[in-house]
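Chemist: Here's a structure for you.
Coordinate-derived values only; no laboratory data. Here the structure is a predicted model, which is why all the values come from computation and not from measurement. Virtual Cβ from ideal backbone geometry, glycine too; neighbours counted across all protein chains shown.
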Amino acid sequence: MTNWITRFNGRMESENQQTTVQISANVAKAAQELGFQELNYVPFDNLGEQPARRRSLIETILRPVQPRDLVVVQFPLWEQLDFQAEFIDYLKRIKQIKVIALVHEVPTWLYADDGDRSVIQNDFWFTQLRKFDLLVVANEKQARRLVKDEIDIPMVSLQLWDYPYAGPLQEKQFRKQLHYISDQAVTALDYRGSTPIMFYNTEVDEKVANNPSVKHIVGLARDNLIAELADGFGLVNTVNITEATNPNVVRNSQYNDPIELSMYLAAGMPVVVPDSNAHAQLVKHHHLGLVIHDLNEIDEALSHVTIADYQEMVAAIEPWQKAVSTRYFVKRALMAGMRKVNLGFDNFLI
């Protein structure tokens, strides 16, 4: 029996820098450390009206898979919908195959209203998810939302994305300032506080840049940023920050594991998260940073933080820094999933 994992690759170097491609690669590398083999593919063009081409591509990708194997599909495939559906159906026709979805995104939630019965019963993505033997989901909040949407499949929580990093780290110092990292352009900011916010690696609208508390810094790669971050707090997206993307992304982000959160932890930096975030309780319970309802509360929140408080947060982050940097969370979730589908153990299920 062989364990397999899908990996979404870019066709050129610029595509390999995209977050979806990098996360897929990091997950696949974590799986390789557990003995998994990769099923590689790239974005395919012109799939819509070409069933024969879709079938040929799927057969080529999945040719090594044999009966009784286990396949982890990084979900969604980020391909045309017919290809997505036919890929999963092809896998399920292999005798005694076990198929796990490692869920990156639930696309339905980006466009559908919460609780819409017609969506719950007929949605393409929900139908896809119901075909798997087990789901590795982002966190318990995402799992509860899926159960509410009638996805009745065993689930394991990833809890956090890993962010592999083996470079240098700066000694962290207490300073009342925030660092915000995003791949998206920031188009609006509802912020009247005096605590400085450093925006990195993103376009910033002129009105945002003119806010006296904003400083826009460009040109640093993410690993270089981790090596440079020395003081303050890493800010996870809040409703106060509007980005040039689907307006439901911020709402949907409360169910996901923000890669930026893992990046800040990999840097050993305390974080600031909104109370709607799935990790708010984790951050609060483990003293990894601050939880706020509105970004405009940050001045008041920081007024109660001492140097000693900050250093306690830095110390509390140390094991989490090591965990996200060494792909602990993906490996833990994959092992839990294999224990369930291969051996029937359910002690790690949500």
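Chemist: Say we join alpha carbon atoms closer than 10 Å with springs in a Gaussian network model of the chain; which of F233, F83, F44 then has the biggest fluctuation?
Modeler: F44
Chemist: Kindly work out what percent of the DSSP beta bridges joining two residues of the chain are antiparallel, to the nearest 5.
Modeler: Values: 4 of 42 bridges.
Just about 10 percent of them are antiparallel.
Chemist: Taking θ as phi - 60°, what are the ³J(HN,Hα) couplings along segment 212-226 by the Karplus curve (6.51, -1.76, 1.60), each to the nearest whole Hz, with x for Gly and Pro?
Modeler: Working through the residues one at a time gives x, 9, 10, 10, 9, 10, 10, x, 9, 5, 4, 5, 5, 4, 4 Hz.
Chemist: Along the Cα→Cβ direction, 7 angstrom out, place labels at D82 and N296. What is the inter-label distance in nm?
Modeler: 5.1 nm
Chemist: Starting from the Cα coordinates of the chain, work out the convex hull volume and express it per residue in Å³. Mind dumping the intermediate values first?
Modeler: Numbers: hull volume 49.4 nm³, N = 350.
Residue-normalised Cα hull volume stands at 141 Å³.
Chemist: Hey, got a sec? Which GluC sites (Glu not before Pro) in segment 149-209 land in a DSSP loop and have at most 14 other Cβ atoms within 10 Å? Please report the intermediate quantities before stating the final value.
Modeler: Working: sites: E150, E171, E203, E206; in loops: E150, E171, E203.
For GluC sites (Glu not before Pro) across segment 149-209 that sit outside H, G, I, E and B with at most 14 neighbouring Cβ atoms in 10 Å, the list reads E150, E171.
Chemist: Among S213, S56, S157, determine the one that fluctuates most according to a GNM of the chain built with springs between C-alpha atoms less than 10 Å apart.
Modeler: S56
Chemist: Right, something else. What number, rounded to the nearest 500 deg cm²/dmol, is the helix-based mean residue ellipticity at 222 nm of the chain, given -39500 (n - 2.57) per DSSP H run of at least four residues and division by all its residues? Before the final figure, lay out the partial values.
Modeler: Working: 15 runs with 130 residues, N = 350.
Here the helix-only value at 222 nm equals -10500 deg cm²/dmol.
Chemist: Please find, in a Gaussian network model of the chain (springs between Cα atoms separated by less than 10 Å), the residue of I100, I58, I317 whose mean-square fluctuation is greatest.
Modeler: Evaluated over the chain, the most mobile residue of the options is I58.
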